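Working notes, structure below.
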Amino acid sequence: MNNLVIATSDTEFQNLLAQAGERPVLVDFYASWCGPCKAMAPALQAFADTHPDVLVVKADVDEAQNAAVAHGVRGVPTLELVRAGKSLGKRVGAQTNAQLSAFVEHALKA
């Protein structure tokens with residue numbers, strides 16, 4: 001499985017989380033029309049490239065609406081770290097690669 005995948009539906013999103021098991025999953029709830037989401041894409045790819053232990057899932061809030069609602073997404077981009085179906089933390093707004101790394105590191109230690 002590629003380390004950065006795009007969930008194209010609620011079902012695919014749920015399947016990706018289930019398949020990850022104990023592996024941490026960094027979810028990027030985004031929208032195709034969102035400028036900050038587009039600006040953050042290179043940082044997200046760089047994070048995925050340098051953190052093979054973390055699965056990065058992009059979930060379009062317009063395509064996976066139920067997932068976005070279930071995860072309390074109120075704005076995009078929203079990043080959530082999930083492991084074994086449990087949320088370990090959230091960040092709202094565009095993040096740099098360094099901010100993503102710090103967020104994930106901190107959430108995994110908590």
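Quick notes on this structure:
- Checking each residue in region 41-82 for being under 14 Å from Arg23 (Cα atoms) and more than 12 Å from the chain's Cα centre (by Cα) picks out His51, Pro52, Asp53.
- Scoring Glu22 on the criteria (1) within 18 Å of Asn2 (Cα to Cα); (2) free of Cβ contacts under 8 Å to residues at least 24 places away in the same chain leaves a single failure, condition (2).
- Residue among Val56, Val92 that is under 16 Å from Phe13 (Cβ atoms) and of a type outside the set (Asp, Glu): Val56
- Filtered residues of region 24-51 (kept if of a type in the set (D, E, K, R) and under 18 Å from His71 (Cβ atoms)): Asp28
- Residues in region 1-36 that are among the small types (Gly, Ala, Ser) and either touching a Phe, Trp or Tyr at 6+ places or on another chain (Cβ under 7 Å) or over 22 Å from Arg91 (Cβ atoms) (or both): Ala7, Ser9, Ala18, Gly21.
- Pairs where the first residue, in region 90-104, is within 21 Å of Ala70 (Cβ to Cβ) and the second is of a type outside the set (D, E, K, R) and surrounded by fewer than 17 Cβ atoms within 10 Å (Cβ to Cβ), C-beta under 6 Å, 6+ apart: Val92/Gly75
- Any chance Asn3 is at pLDDT below 95 and either in contact with a strand residue (DSSP E or B) (Cβ under 9 Å, 6 or more places away or on another chain) or closer than 19 Å to Leu100 by Cβ (or both): yes
The values are calculated or read from the model by the stated rules, or taken from the named source; none is laboratory data. These numbers were taken from a predicted model, which means no experiment stands behind them. Every residue, glycine as well, gets a Cβ built from its backbone with ideal geometry; the counts of neighbours run over all protein chains shown.
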